[in-house]
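Written below as structure tokens is the structure these notes are about.
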Ligand SMILES: [Zn+2]
């Protein structure tokens with residue numbers, strides 16, 4: 001996610017006084033069509049960071065005229081851990097956004113009501129506490145085995161909500177379905193937080209059938225193809241770690257497309273302020289081409305960009321700013337997340353720096369290259385790093401940051417990396433390193449420890465002193 005958008009959210013909720021306190025923001029295939037392949041790489045991966053659970057989702061979603069969704073999510077769950085399971089854990093965030101459960105900073109709530117949870121058409125018991133949903137199994141699910149469960153519920157989105165949101169007659173479906181948790185010595189599902197990303201999901205396959213009461217423009221983590229108004233359809237996507245979908249009211253949105261190296265960028269822009277849409281699709285295409293050239297191939301055939309001021313990354317789709325004077329940093333940042341967050345995966349709760357700080361670093365490097373001056377490139381990170389309360393050790397749980405989350409993750413770490421690479425030859429060396437790191441871990445799961453092993457191997461030395469100044473490096477650090 002992007003800092004300035006999170007600031008705006010906070011400003012909306014609690015006024016400018018809190019501006020400095022709170023902030024935002026494997027295996028392999030494609031949606032629909034594969035574009036290219038990449039080489040296989042081998043490096044020790046700690047079992048501690050493997051997801052331990054895999055899901056294949058078939059979701060039917062129907063929107064009624066009363067703005068209420070009826071959703072049926074069938075999930076084929078595979079136990080990839082070494083333990084037998086007595087239950088299956090899901091992160092069901094809509095239930096953390098109800099009137100009773102929502103974070104107090106959020107003004108509006110949604111409604112969710114579970115109709116049934118079944119296995120082989122038989123109802124099974126479950127426990128639902130805020131966002132944590134545990135399905136109780138009558139018979140244990142052994143390692144390597146799979147089972148199918150079905151969760152049926154209704155959902156009304158918070159109006160002008162945070163990520164999961166309805167705005168007028170457009171619907172932004174972020175973390176809207178039960179997302180299978182990670183399993184490492186138990187289910188690792190965190191309490192829902194609006195600071196950073198509290199949910200850790202694994203790569204899975206999706207089939208989403210939608211049925212709408214009128215025609216919408218549909219954009220999602222899956223593959224849609226040509227932009228057209230539609231009221232029913234099927235979307236598919238493989239190896240997606242989180243399935244997002246937007247239903248956009250055609251009267252409020254226009255679209256523009258651009259194809260870059262076989263990937264179509266599809267920009268959706270508010271129809272009442274279209275004068276920068278052309279420039280924005282060009283800026284998006286330039287950044288995308290730069291990341292493909294300098295970091296690595298984007299193997300998917302579609303990337304959707306919704307300019308709704310969301311400032312948030314999802315697989316194959318991003319929400320970005322539509323501020324005519326000041327959209328570029330957010331746009332580039334969210335696109336860069338496709339490399340560091342989506343195609344290289346990490347736990348954003350414990351290792352937020354691996355997705356956010358690397359994304360800020362890459363974004364700043366791109367802007368530095370584009371505009372040719374240090375001030376423009378790293379200006380924002382420098383400003384943020386001066387805020388307050390930088391943490392010494394940066395790979396700590398989000399809750400432990402206190403007020404230092406923004407300044408540490410979006411400021412201190414990118415600057416620290418910039419300074420490290422400055423001594424080694426600057427941005428060219430930095431890009432070479434990021435590219436090698438990306439290729440090593442593409443569609444895999446990383447933590448701070450595996451990053452450090454790679455770092456030492458890449459530079460052929462022991463950089464522990466440097467790394468341990470800001471990272472706690474334990475191979476078998478507890479997950480939470
Ligand atoms: Zn971000």
Exercise for the section: Could you tell me whether residue 313 is within 18 Å of the chain's Cα centre (by Cα) and at pLDDT 95 or above? Expected result: yes
Completion exercise
All conditions in (1) closer than 19 Å to residue 370 by Cβ; (2) touching a strand residue (DSSP E or B) at 6+ places or on another chain (Cβ under 7 Å) are true of residue 438 except (1)
Practice task
Name the strands (runs of 3 or more DSSP E) wholly inside segment 294-413 in which the number of residues that are away from the ligand (no atom under 13 Å from the Cβ) and closer than 28 Å to residue 249 by Cβ is 2 or more.
Solution key: 302-306
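Residue-wise test of (1) closer than 20 Å to residue 171 by Cβ; (2) under 19 Å from the mean Cα position of the chain (by Cα).
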{"site": "262", "(1), (2)": "no, no"}
{"site": "269", "(1), (2)": "yes, no"}
{"site": "276", "(1), (2)": "no, no"}
{"site": "291", "(1), (2)": "no, yes"}
{"site": "319", "(1), (2)": "yes, yes"}
{"site": "325", "(1), (2)": "no, no"}
{"site": "329", "(1), (2)": "no, yes"}
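Residue-wise test of (1) surrounded by fewer than 17 Cβ atoms within 10 Å (Cβ to Cβ); (2) out of contact with any helix residue (DSSP H, G or I) (no Cβ under 6 Å at 6 or more places or on another chain); (3) at pLDDT 95 or above; (4) outside any loop (DSSP other than H, G, I, E, B).
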{"position": "102", "(1), (2), (3), (4)": "no, yes, yes, no"}
{"position": "117", "(1), (2), (3), (4)": "no, yes, yes, yes"}
{"position": "140", "(1), (2), (3), (4)": "yes, yes, yes, yes"}
{"position": "151", "(1), (2), (3), (4)": "no, yes, yes, yes"}
Exercise for the section: Kindly indicate whether residue 273 is more than 16 Å from the ligand (Cβ to nearest atom) and in a loop (DSSP other than H, G, I, E, B). Expected result: yes
Exercise for the section: Scan segment 391-414 for residues that are over 23 Å from residue 200 (Cα atoms) and surrounded by fewer than 21 Cβ atoms within 10 Å (Cβ to Cβ) and report the count. Expected result: 1
Practice task
Would you check if there is a residue in segment 71-80 being crowded, with 20+ Cβ neighbours inside 10 Å, touching a helix residue (DSSP H, G or I) at 6+ places or on another chain (Cβ under 6 Å) and at pLDDT 95 or above?
Solution key: no
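The values are calculated or read from the model by the stated rules, or taken from the named source; none is laboratory data. Just so it is clear, the model here is predicted, and its values are computed rather than measured. Quick reminder, even Gly has a Cβ in these numbers, built from the backbone with ideal geometry, and neighbours come from all protein chains shown.
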